[in-house]
Ligand code: ADP
Ligand code: MG
């Protein structure tokens, strides 16, 4: 069967990481956080990363998202060499092409729920009306329509992470990176939050890379990448 352009577009890896090394500290004394990682992540895939504390999961995610530089190796986001971008280009990349969700939400306590979600859109230069329209739609998708003008302290952990997810998606980024997004949630809430990641990832054709400590959470993904000592030691279907 002939591939349509859409299929071809979908089969090209959106993220490619090659011979990634990350060394912290001095040459003889330091830590090898990433010791040669090669990975391809296809567009629209939901991949989970698991592994013991200190094995390099966050280092990998930070390199993928342009939050930190590799010591050596390459990171490609579509046709963009992330490892070669300067700080200005990296800031642009993080604002517009990558959504981040962290364990401790990283929402701003002085802003309302809707304002938190709108902030990245305003920083990227969208006008107020567009930011409001997008945040209203996304907060509806994460079932927080009744919380738009609430302050953060009025929200549960699950609600905060749903707001953080809406914020991460406001620029409709091709890639969503999440570092233990359910690490601060009980197991029932975790399940619901991860299901929302999966559902929104599908609807927005977002590629998701999620670090997690939980086998159950990882089971919501399509692919499970296992790391140890800075290397990938397992890679296969999550279920
Ligand atoms: P994980 O997310 O799997 O727990 P990390 O990527 O955070 O692992 O860390 C991998 C290794 O690199 C660990 O040994 C950690 O102590 C070390 N490391 C991480 N960040 C730094 C840093 N900024 N400076 C020095 N060492 C670091
Ligand atoms: Mg970590």
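The values are calculated or read from the model by the stated rules, or taken from the named source; none is laboratory data. Note that the coordinates shown come from a computational prediction; the quantities given were computed from them, not determined experimentally. A quick note on method: Cβ atoms are made from the backbone with ideal geometry, for glycine too, and the neighbour counts reach across all protein chains shown.
Overview of values
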{"item": "Single residue of the range 184-196 satisfying the filter (over 14 Å from residue 221 (Cα atoms) and surrounded by 17 or more Cβ atoms within 10 Å (Cβ to Cβ)) that is farthest from ligand 1 (Cβ to nearest atom)", "result": "189"}
{"item": "Flag for residue 18 being farther than 21 Å from residue 181 by Cβ, away from ligand 2 (no atom under 16 Å from the Cβ) and out of contact with any helix residue (DSSP H, G or I) (no Cβ under 8 Å at 6 or more places or on another chain)", "result": "yes"}
{"item": "Output for the range 21-66, where each listed residue is closer than 15 Å to residue 209 by Cα, within 12 Å of ligand 2 (Cβ to nearest atom) and touching a residue at least 24 places away in the same chain (Cβ under 8 Å)", "result": "49, 50, 51, 56, 57, 58, 59, 60, 61"}
{"item": "Residue in the range 213-222 that is closer than 20 Å to residue 13 by Cα, surrounded by fewer than 21 Cβ atoms within 10 Å (Cβ to Cβ), over 16 Å from the mean Cα position of the chain (by Cα) and within 16 Å of ligand 2 (Cβ to nearest atom) present", "result": "no"}
{"item": "Checklist (1) touching a helix residue (DSSP H, G or I) at 6+ places or on another chain (Cβ under 8 Å); (2) within 16 Å of ligand 1 (Cβ to nearest atom); (3) closer than 22 Å to residue 180 by Cα applied to residue 60, failing item", "result": "(1)"}
{"item": "Selection from the range 187-210 of residues that are part of a loop (DSSP other than H, G, I, E, B) and out of contact with any helix residue (DSSP H, G or I) (no Cβ under 8 Å at 6 or more places or on another chain)", "result": "205"}
{"item": "Residues being farther than 20 Å from residue 99 by Cα and within 13 Å of ligand 1 (Cβ to nearest atom) - total across the range 32-49", "result": "5"}
{"item": "Single residue of 34, 60 found to be modelled with pLDDT of 95 or more and under 14 Å from the mean Cα position of the chain (by Cα)", "result": "60"}
{"item": "Odd one out for residue 106, checked against (1) more than 16 Å from ligand 2 (Cβ to nearest atom); (2) surrounded by fewer than 15 Cβ atoms within 10 Å (Cβ to Cβ); (3) at pLDDT below 95; (4) within 30 Å of residue 161 (Cα to Cα)", "result": "(1)"}
{"item": "Flag for residue 131 being over 17 Å from residue 16 (Cα atoms) and either touching a helix residue (DSSP H, G or I) at 6+ places or on another chain (Cβ under 6 Å) or surrounded by fewer than 14 Cβ atoms within 10 Å (Cβ to Cβ) (or both)", "result": "yes"}
